[in-house]
Amino acid sequence: MYLQRRNRILRSHAALRSIVAETVLTPADFIAPLFIDEGSGYSQEIPSMQGYYRRSIDLTIEEAKVLWSLGVKCVLLFIKCEDELKDNTGKEAWNKDGLMQRAVKALKDALPEMIVMTDVALDPYSEYGHDGIVQDGQIVNDETVEALVKMSLSHAEAGADFVAPSDMMDGRIGAIRQGLEQHTYTRTGIMSYSAKYASCFYGPFRDALDSAPGFGDKKTYQMDYANRREAVKETLMDIEEGADIVMIKPAMAYLDIIREVRDAVTVPVSAYHVSGEYAMIKAAAQMGWLQEDKAILESLTSIKRAGADLIATYFAKDAAMLLNA
Ligand code: PBG
């Protein structure tokens with residue numbers, strides 16, 4: 001047989017495949033989410049996220065040191081708020097001595113170079129488990145934005161490198177940027193969850209933080225998964241309002257959105273490989289139905305190939321270990 005082109009030549013052995021690979025994953029691509037709880041020496045596995053833990057601040061620092069040593073340079077913090085501190089104003093969210101604020105300070109003291117990002121949304125602090133303030137059964141936008149600005153300022157004061165608003169209220173990026181400017185936090189970045197979909201894949205996360213909505217769902221603020229153009233609209237507006245990094249969430253069922261946004265913007269794009277996506281791989285691996293290591297690397301590579309510059313993933317440590325091996 002005479003063939004002008006033999007495409008298999010470039011696939012013929014591992015070294016060759018690696019020099020022509022279009023997408024190369026590195027530990028610096030990852031943002032490691034960390035769940036923080038009160039106490040010391042405390043760590044608790046999350047039942048729906050096997051192998052993932054909620055930890056007290058001291059053990060969180062130990063974990064962050066391990067991540068840093070593996071080449072992971074960025075963490076994204078979430079806290080579990082005690083029930084008696086939850087209300088409908090979210091005021092614990094900007095308590096100067098709150099768990100988040102203490103965690104940020106402790107992490108930046110221990111690992112000054114680690115990039116510390118903080119989740120900004122009211123759900124862990126809300127007695128209703130919603131990302132905003134509730135009035136007459138509605139999640140009210142403008143009052144919530146005011147609360148998110150206070151929350152962001154208090155994270156900036158504690159030393160956060162980036163605030164990461166995950167709430168999907170209108171106008172919050174502009175308001176947060178304005179607040180940061182007014183208070184001269186001119187080095188605090190904003191990573192906006194700009195296209196965050198109302199997704200069933202957040203289920204395990206809500207177990208981790210005990211933050212499931214007490215009534216209704218989040219469809220009046222998070223996006224409808226039927227929509228693609230709307231993701232571009234949301235993202236362009238967030239950039240105009242001052243977002244430094246934008247995010248698509250979830251990741252694997254939304255690879256088309258990641259690509260669409262990557263092609264539409266010039267800022268770094270991140271994607272959140274969410275708790276349900278983690279749980280699916282873990283569960284299938286536990287049943288012996290998938291090879292976990294391979295599933296991790298293939299999934300994360302596909303997210304990067306789709307156009308994500310950064311990937312928030314509960315596999316950050318596992319993947320970094322695999323890549324360093
Ligand atoms: C809260 C928030 C959620 C996640 C990140 N920030 C849950 C939600 O919106 O209900 C989900 C993360 C995950 O599932 O891994 N604003």
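Residues in the range 264-285: is at least one among the β-branched types (V, I, T) and assigned to a helix (DSSP H, G or I)?
Here is the first cut: in the range 264-285, the ones among the β-branched types (V, I, T) are 265-267, 269, 274, 281.
If we keep only those that are assigned to a helix (DSSP H, G or I) too, we end up with 281.
Yes; the residues of the range 264-285 include at least one that is among the β-branched types (V, I, T) and assigned to a helix (DSSP H, G or I).
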Point to revise | Pairs where the first residue, in the range 1-19, is of a type in the set (A, V, I, L, M) and the second is assigned to a loop (DSSP other than H, G, I, E, B), C-beta under 6 Å, 6+ apart | key: L10/V20
Practice item. Say whether the condition of being surrounded by 15 or more Cβ atoms within 10 Å (Cβ to Cβ), among the β-branched types (V, I, T) and farther than 30 Å from G132 by Cβ is met by at least one residue in the range 70-88. Key: yes
Point to revise | Restricting the range 176-213 to residues that are without any contact (Cβ under 8 Å) to a residue 40 or more places away in the chain and closer than 21 Å to V269 by Cα, the residue that is surrounded by the most Cβ atoms within 10 Å (Cβ to Cβ) | key: T188
Study note, to complete from the structure: Taking the range 224-252 and keeping only residues that are in a loop (DSSP other than H, G, I, E, B), over 30 Å from Q182 (Cβ atoms) and among the charged types (D, E, K, R), one is left with D224, R228
Study note, to complete from the structure: Looking across the range 201-233 at residues that are among the hydrophobic types (A, V, I, L, M, F, W, C) and more than 10 Å from the ligand (Cβ to nearest atom), the single one that is nearest to E82 (Cα to Cα) is F215
Exercise for review: Inspect the range 53-63 for any residue being closer than 30 Å to A325 by Cβ, within 19 Å of the chain's Cα centre (by Cα) and within 16 Å of the ligand (Cβ to nearest atom) and give the result as yes or no.
Suggested key: yes
Review point. For A279, all conditions in the list (1) within 13 Å of the ligand (Cβ to nearest atom); (2) out of contact with any helix residue (DSSP H, G or I) (no Cβ under 8 Å at 6 or more places or on another chain) hold save one; what is the number of the exception?
Key: (2)
Practice item. Take L255 and decide whether it is farther than 24 Å from A316 by Cβ, part of a helix (DSSP H, G or I) and touching a residue at least 24 places away in the same chain (Cβ under 8 Å). Key: no
Review point. So is D119 of a type in the set (D, E, K, R), more than 16 Å from the ligand (Cβ to nearest atom) and not in a helix (DSSP H, G or I) or not?
Key: no
Review point. Among (1) free of Cβ contacts under 8 Å to residues at least 40 places away in the same chain; (2) surrounded by 23 or more Cβ atoms within 10 Å (Cβ to Cβ); (3) within 26 Å of A212 (Cβ to Cβ); (4) among the aliphatic types (A, V, I, L, M), where does V140 come up short?
Key: (2)
Check your understanding: Just one of the numbered conditions (1) touching a helix residue (DSSP H, G or I) at 6+ places or on another chain (Cβ under 9 Å); (2) within 11 Å of the ligand (Cβ to nearest atom) is not true of R177; which one?
Key -> (2)
**Study point:** Unmet requirement for S48, which otherwise passes all of (1) in contact with a Cys (Cβ under 8 Å, 6 or more places away or on another chain); (2) modelled with pLDDT under 95
**Key:** (1)
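The values are calculated or read from the model by the stated rules, or taken from the named source; none is laboratory data. Please read all numbers here as calculations on a predicted model, not as lab measurements. Using ideal geometry, Cβ is built from the backbone for each residue, glycine included, and neighbour counts are taken over all protein chains shown.
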